[in-house]
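The values are calculated or read from the model by the stated rules, or taken from the named source; none is laboratory data. This structure is a prediction, so every number in the text was calculated from the model and none was measured. Positions of Cβ are generated from backbone atoms using ideal geometry, with glycine treated the same way; all protein chains shown enter the neighbour counts.
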Amino acid sequence: MKCEEFREKFIHEELNELERVEFEEHLKKCESCRFFVNNYKKVKDSLKLLYTFKPSDELEENILYGIKKRIMLKKALIFGVPGIAAVAMSAFLAFYIVTPAGKQDFAYDKAVSAGISLLNSQPGTTLTYAKTTKSNLDYLLNIKYVSDQF
């Protein structure tokens with residue numbers, strides 16, 4: 001029998017007793033068939049292990065939990081970020097509408113006061129912040145108007 005015929009019958013387990021003995025004798029002489037049989041047995045054993053492996057219930061639960069967690073995270077990002085942005089914008093608008101600008105002590109007023117104090121101060125003196133009055137504001141706006149002309 002040729003190598004191909006031996007291998008084919010060996011794979012399909014069709015060797016009778018006489019052929020099996022003949023094939024074993026052939027394996028002693030043929031390195032190619034010996035290599036084939038060794039690899040075939042390794043693959044067959046690996047497949048047996050694969051079919052007998054059953055993951056534990058805990059592993060299955062952990063995998064399902066991980067999948068559910070990812071889905072929840074995606075939903076949270078899809079709906080959560082715009083929701084947070086909407087709440088923040090609503091709070092900002094509510095604060096802006098409820099609190100008139102005239103009642104606030106804005107940084108602009110402080111900057112105007114500092115500018116007026118700086119303009120009114122004498123060289124070498126320590127600056128103090130002046131209160132913003134209409135005359136001081138007109139004075140500062142006049143200076144701004146003149147500087148804008150250049």
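Annotations for the structure displayed:
- Residues located in segment 1-49, provided they are in a loop (DSSP other than H, G, I, E, B) and exposed (fewer than 14 other Cβ atoms within 10 Å of the Cβ): Met1, Lys2, His12, Glu13, Glu14, Asn16
- Residues in segment 5-22 that are of a type outside the set (Phe, Trp, Tyr) and touching a residue at least 24 places away in the same chain (Cβ under 8 Å): Arg7, Ile11.
- Residue list for segment 50-66, restricted to those being surrounded by 10 or more Cβ atoms within 10 Å (Cβ to Cβ) and among the aliphatic types (A, V, I, L, M): Leu59, Ile63, Leu64
- The residues of segment 41-78 that are at pLDDT 85 or above and aromatic (Phe, Trp, Tyr) amount to a single one, Tyr65.
- Where a residue in segment 25-38 is assigned by TED's automatic domain parsing to the domain that holds Arg7 and its partner, wherever it lies, is at pLDDT below 90 and of a type in the set (D, E, K, R), with Cβ under 7 Å and at least six apart: Leu27/Arg34; Cys33/Arg7; Phe36/Arg7
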